[in-house]
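Written out below as structure tokens is the structure these notes cover.
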Amino acid sequence: MHRGVYFDAWFPRQHCYHPSLPPRRLRMVDDLVDFRATVLVWASMGGGSLALPYLEQEAFGPVDARSRFYGFVNDSEFIAACHERGIKVLGIVFEAQGWEFPVELTDDEDAVLALNELRGVGKRDWMGLREFSSNRYPKLWKPVEHYFPDGLVNSDGEPVTDLIEECVVRDIHQQPCHAHWVECPDREHQCYYMDRNNPVWREYLKAVIRIQLDAGADGIQLDEAELPMGAFQYGACFCKDCMKGFRAYLQALKPSQVDIALDGVDLATFHYGDWLLAQGYDFKSGRESTPLFGDYYAFQCLQIKKYFAELADYAREYGRSLGREIILSGNFFNLEPMYLALADDVDLVITEMRNTTYRQPEWYRYVAAFAGDKDVVVVENPYGGVVPELIELLGKGRGYDLFRLSLFEAAAMGANMSVPYGSWMGSVIEDSFYAPHELASGVQAFLADHEPLFARRTANEVAVVFSVESTRELIGKADASDNTTNARDESVVVPYRVATETLANAAVPYDVVIWPDGVTAPDRSSCEALLRYSTVVLPDVFALTEGQVAALSGYLDAGGTVVVTDRAAPELPSHPNVRTAHHGVLDELLPHGRQVSTDASVAANLQHLADGSYALHLVNYDYDRDADAVRTLTDIPLRVRLPEDRERATVVASDGSRTPLELGREDGAHLVCLASLGVYSIVVFHDGELP
């Protein structure tokens, strides 16, 4: 499992400005070694969203003597220094961002006197993608033809001299949209939301990738991987290329698949935005019930898969032309279903969780299912969660156990929570997130030193199905706010969420099985994937593909138990092993009883280790705010069902201590008693020496 660091390295007590990250110093590498880092995310060379010459300055630009005095280096030099310590660095491609900044210049426009943060000197103007694509500053930047010898030509065959005007996302009224979540409200800069469906923007992004790989980046992280679907929150996109693409999508449908709302409509000239406006729709209010929304959603899912894969393939091919195999990754935000089809194209899954809370084991179990056999790195989100409060606590020397919980919880549940190193605090708060060095180093040392006690493979008896077609709309309603608030509407009941929270809160170890709809992502359901579970829970799974019906039929015929809550799919096989339950009633969800029995307020996950041992990961959430510490629980009996008997048991505490346990057996279960349980412990059931 990778140990990631969220390496923006933005300054304390200042805005976290996109897209350019602060200059790197050699001392930072020493910190990363202390963190036992293996990979850095959001780490390097973001300036391509401002201009390609600016990106080249980040990568290869000269560093003056005064900066050298304190170990400042350019990004290519920093990457080389990381390589000497075995740390991989990903170049960050801010795909959705197109920037314009206020600038102050000399009268001859041959030097920048101030950029973004102005000084009131020199000649005032703008600097960004518009100026780059129009060759506005020949004394400062190489011409656009240096990077694109044949120029840039759009899908209508027209030459492009304004990248923003050409490639920006547009709402239904053809107004350009902004990426508000990165614009600082007290600054004049402007960030336009760009559209990867536009072939001109894809060509520009490929140039960004080339420069990053030329600078030695170990891989590429494609941020905002779902563009332009993230612009749904702004009532977009209705740009010419999205409208052309949707028209072609509808024309390719079989007559029986075309929505009845299009009866009598000439698809050869159809414009979705104009058609909606004529009927009084704005694609903002009641968007999910807008005519043809399902078709438009499916079309955009196919588009993001197509063009994400195009950039991923290009990056790999270019890396090979340099003699390297690279890491390809993307920011899959909260791992919504729209990202499922993209997972095939990455080597490393990165998720910027929508809501960061102090207890969310059920979300991490979903993350582990999404990632499958691939590494996953999680970063916190400053919007709609506890991060601002946690930073305030840490600044006062408090909240250390809460921070430990955030990293240990992810590891226990099958993911990696990155260490924040000047990480993003949004566009409003003037600060960045640095965890206390010794605190972060201590957690990371434990995770690194005990790698053999972690595995992707589990031995959990229960599986909960996340049905994309059944659950997507409800989650969309519950999480309908924009990404500057990330609010959740708790009045919207999502049975999948209730079922998984019920299990997690009761220390029931379980796996999530994700079933795509077979249209926006391939359906790979199989009976074989279910046979290892004694119980499969279907929370409000009212839609099944043919493959999913076959998988359930085979599983039931093999003796498995299916528990159905809320709505059931008409195609669900009729079988005596199908039970019904209420989504929040624990005993009804577990017809075979609990695999792990304990009264402690913990979350549990049972992993099957490489040497055949079983590791029960226990996370203790009993935080006492007055004492500012997780209460140490004492004399905790555990009853654990394992697939196979083991002769010995040892508890490994988060301080690294190892204590043999007296192991008993009763009715096929293993019985142990923990003398104490702090923030986190691992109970290992083994035969030989502890790995």
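The values are calculated or read from the model by the stated rules, or taken from the named source; none is laboratory data. Source: prediction; values computed, not measured. We place every Cβ from the backbone using ideal geometry, glycine too, and count neighbours over all the protein chains shown. Remember, those area values only see protein heavy atoms, side chains included, never the ligands or the DNA or RNA. Shrake-Rupley method; radii C 1.70, N 1.55, O 1.52, S 1.80 Å.
Here are a few things to note about the model shown:
- Assigned charges on the beta-carbon of Lys, Arg, Asp, Glu; segment 468-533 dipole about Cα centre (debye): 140
- In this structure segment 61-151 gives 50 Å² per residue of accessible area when probed at 1.4 Å with all protein chains present.
- Order of exposure, largest accessible area first, which applies to R497, R124 with probe 1.4 Å: R124, R497
- Considering only N116, M28, F132, the residue lying farthest towards the positive end of the dipole of segment 1-157 is M28, judged by Cα position with unit charges set on Cβ.
- Helix 468-478 vs. the chain, principal-axis angle (Cα, 0 to 90°, nearest 10): 70
- Cα-based equivalent ellipsoid of segment 171-226: semi-axis lengths in Å, sorted from largest, via gyration tensor: 25, 16, 10
- Unit charges on C-beta of K, R, D, E only; dipole of the chain, Debye: 660
- Highest to lowest packing among 346-356, 146-156, scored as the average C-beta count within 10 Å: 346-356, 146-156
- Cα lying deepest toward the dipole's positive end in the chain, options I350, F148, F72, charges on Cβ: F72
- Within the accessible area of segment 76-139 (1.4 Å probe), percent carbon and sulfur: 44
- Ordered by solvent-accessible area of protein heavy atoms (1.4 Å probe), largest first, the residues H582, H180, H18, H437 come out as H582, H180, H437, H18.
- Rg/Rg_globular for segment 383-499, with Rg_globular taken as 2.2 N^0.38 Å and Rg from C-alpha atoms: 1.31
- Axis of helix 199-214 versus longest Cα principal axis of the chain: the two differ by about 80°, to the nearest ten degrees.
- Around the Cα centre of segment 173-329, unit charges on the Cβ atoms of Lys, Arg, Asp and Glu (plus for the first two, minus for the last two) sum to a dipole of about 380 debye.
- For the peptides 39-46, 320-327, residues were scored by their other Cβ atoms within 10 Å and the scores averaged per peptide; the highest-first order is 39-46, 320-327.
- Accessible-area value, Y621, 1.4 Å probe, nucleic acids and ligands omitted, Å²: 20
- With Cα atoms defining each centre, segment 580-626 and segment 440-495 are spaced 15 Å apart in the structure.
- For segment 277-375, the per residue solvent-accessible surface stands at 35 Å², with DNA, RNA and ligands left out and a 1.4 Å probe.
- The chain: calculated mean residue ellipticity at 222 nm from DSSP helix runs of at least 4, using -39500 (n - 2.57): -8500 deg cm²/dmol
- Between segment 89-119 and segment 309-363, the alpha-carbon center distance in angstrom: 28
- Share of carbon and sulfur in the accessible heavy-atom surface of segment 481-549 [1.4 Å probe, %]: 52
- Carbon/sulfur fraction of accessible area - segment 561-677, other protein chains in place, 1.4 Å, %: 45
- Counting only alpha carbon atoms, the long axis of helix 437-449 and the longest principal axis of the chain meet at about 60°.
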